[in-house]
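The values are calculated or read from the model by the stated rules, or taken from the named source; none is laboratory data. Computed from a prediction, not measured in an experiment: that's the story for all the values here. When we count neighbours, we look across all protein chains shown, and the Cβ atoms used for this are built from the backbone with ideal geometry, even at glycine. Quick note on the areas: whole protein, heavy atoms, side chains included, nothing else; ligands and nucleic acids left out. Shrake-Rupley method; radii C 1.70, N 1.55, O 1.52, S 1.80 Å.
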Amino acid sequence: MHKLSGIYPLQQILYRNPPVREAPLPVEPTVSLNAVVAANSIVIGDVTVEDDVFIGFHTVIRADASPPYYIGPRTNIQDFAMIHAHPGEFVEWEGRRYGVYIESDVSILHHGSLHGPLFVGRGTFVGLRVSISAATIGRHCVVMHGAVVADGVRIADNRFVEPGRTVWTQEQADALPEVPERYKTLNADIVDYYCRLGKAYKASTPLAF
């Protein structure tokens, strides 16, 4: 079961994409009943949003180019984040093409900008105002605040991108260090918090559904 498409009273919008050459079929998003969508957020087109995902305030997930997109369970996409993809470009996962594929237990902090073709692996942390475009990010990575990752680089599992760092060549990506010990539980703590917070918003306020 999933949430019905429509425009909700607090301007949460779940709606089909307009037909264009890059996304010719209008498709409604599939948003789990157990996901949380906060006020003024938008999910458009062929986007699958799994259980216990938290979509914060003023967030945009717009699959009007290179659908489908996938958002895995227990992922949190915080306020003012944006997810989109470049027309006609995809990543491949398990034999299928996606404009954006985000595995489970990922944190995308406030004002994050993620632009496909993009893969983000399970348990990865994406910090404040991070910009990622056309990249593959491995599992259990930490991409710190203000970093930029672009130009088709592939970052291996368990890698650390320091605050403000730009990674745009494969040589730079291959040279990234492993996640320091003090950051290894950072993402798990945030995932736990937002899973509980989402349930609290739904149960105790009218600000999310």
_Please report, in whole Å³, the volume per residue of the convex hull around the C-alpha atoms of the chain._
100
*Which value in Å is the Kirkwood Rh of segment 35-135 over different Cα pairs?*
12.9
*In the neighborhood of L25, defined by Cβ-to-Cβ distances under 15 Å, what is the net charge if each Lys or Arg adds +1 and each Asp or Glu adds -1?*
-1
*Quick one: helix 186-204 against the long Cα principal axis of the chain, what's the angle to the nearest 10°, folded into 0 to 90?*
10
*Which far-off residues, 5 or more places away or on another chain, put their amide H under 5 Å from the one on V31, with H placed in the peptide plane?*
K3, V49
*Would you look at the GNM of the chain, springs on alpha carbons closer than 10 Å, and say which of T136, T124, T185 moves the most?*
T185
*Got a number for the accessible area of I42? Probe 1.4 Å, square angstrom, nearest 10.*
50
*Check the straight Cα-Cα distances from K3 and name the lysines below 30 Å, setting aside those fewer than 8 residues away within the same chain.*
K199, K202
*asked:* Using protein chains only and a probe of 1.4 angstrom, how many square angstrom of R165 are accessible, to the nearest 10?
replied: 70
*Find out how many positive minus negative residues lie around K3, taking Lys and Arg as positive, Asp and Glu as negative, among other residues whose Cβ is under 13 Å from that of K3.*
-2
*Provide the FRET efficiency to the nearest 0.05 for the E92-S204 pair, computing r from the beta carbons and using R0 = 41 Å.*
0.50
*Would you rank R74, R139, R21 by solvent-accessible area, highest first, keeping every protein chain in place and using a 1.4 Å probe?*
R21, R74, R139
